[in-house]
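J.: Pasting a structure below so you can have a look.
What follows is calculated from the coordinates using simple rules that are stated; it is not laboratory data. Just so it is clear, the structure is predicted and the values come from calculations on it, not from any experiment. Using ideal geometry, Cβ is built from the backbone for each residue, glycine included, and neighbour counts are taken over all protein chains shown.
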Amino acid sequence: MPEIKRPVQTIEVNYVCDKCGYGMMKKVSEMDSNTGDIMHECMICGHPQIFQWRSYPRINYIGLDESIDESTDTSDDR
Ligand SMILES: [Zn+2]
């Protein structure tokens, strides 16, 4: 197979705290390899929340012709 190259743009995906609505959620533990649970905390109010198989903030790469909205629900950082 030949190499295929294309330009991409870098997207940072954050999750805004469900409780205070201001802070960004930040990963505070490593993923549990059995359950996929990753503990997060709000950087402002400290609200804890578990995300499964995904962590925030994270970096996605999308094609130049793709929209940011399409990219947010796809990749999980396994
Ligand atoms: Zn908060």
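J.: Using 1/(1 + (r/R0)^6) with R0 = 35 angstrom and r between the beta carbons of residue 67 and residue 18, what's the FRET efficiency to the nearest 0.05?
T.: On the way: r = 25 Å, r/R0 = 0.71.
Calculated value: 0.90.
J.: When 59, 4 are ordered from fewest to most other Cβ atoms inside 10 Å of their Cβ, what list results?
T.: On the way: 59 10, 4 5.
The most exposed by this proxy come first: 4, 59.
J.: Once the convex hull of the alpha carbons of the stretch 8-71 is built, what does its volume come to per residue, in cubic angstrom? Write out the running numbers ahead of the final one.
T.: Working: hull volume 6.0 nm³, N = 64.
With only Cα atoms used, the stretch 8-71 gives 93 Å³ per residue.
J.: Between residue 8 and residue 34, take the C-beta separation as r, use R0 = 25 Å, and let me know the FRET efficiency to the nearest 0.05.
T.: Working: r = 33 Å, r/R0 = 1.31.
Efficiency at R0 = 25 Å is approximately 0.15.
J.: Suppose a student asked you for the relative contact order of the chain, using Cα pairs under 8 Å spaced at least 6 residues apart; what percent would you report?
T.: Here the relative contact order equals 31 percent.
J.: Sticking with this one: Please arrange 13, 8 by how many other C-beta atoms lie within 10 Å of their C-beta, fewest to most.
T.: 8, 13
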